[in-house]
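The values are calculated or read from the model by the stated rules, or taken from the named source; none is laboratory data. Just so we're clear, the structure is a prediction, and the values are computed from it rather than from any experiment. Every residue, glycine among them, receives a Cβ derived from its backbone with ideal geometry; neighbour counts consider all protein chains shown.
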Amino acid sequence: MNNLFSGLAPATEAVLPLVIIVLMLGAALVCLCAGEYKKAVYWGAAAVLNISVTF
């Protein structure tokens, strides 16, 4: 069976993970501004983990 995304360029396949990474970094920034440092570290680490898995 053909993969649904087999004909897409690599940049197109990375759009959704990139949006998720940007949202996680935004959440980390909001938590930093609010003084919630533990949550900021959590969201920053989640973004780094997604970057390492995606790229």
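For every residue, the table says whether it meets (1) modelled with pLDDT under 95; (2) among the hydrophobic types (A, V, I, L, M, F, W, C).
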residue: ALA14; (1), (2): yes, yes
residue: VAL19; (1), (2): no, yes
residue: VAL22; (1), (2): no, yes
residue: CYS33; (1), (2): no, yes
residue: GLU36; (1), (2): no, no
residue: LYS39; (1), (2): no, no
residue: ALA46; (1), (2): no, yes
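Restricting the first member to region 38-54 and to residues that are within 12 Å of PRO17 (Cα to Cα), and the second to residues that are at pLDDT below 95, the beta-carbon pairs closer than 7 Å and six or more apart or on different chains are ASN50/PRO17; THR54/ALA14; THR54/PRO17.
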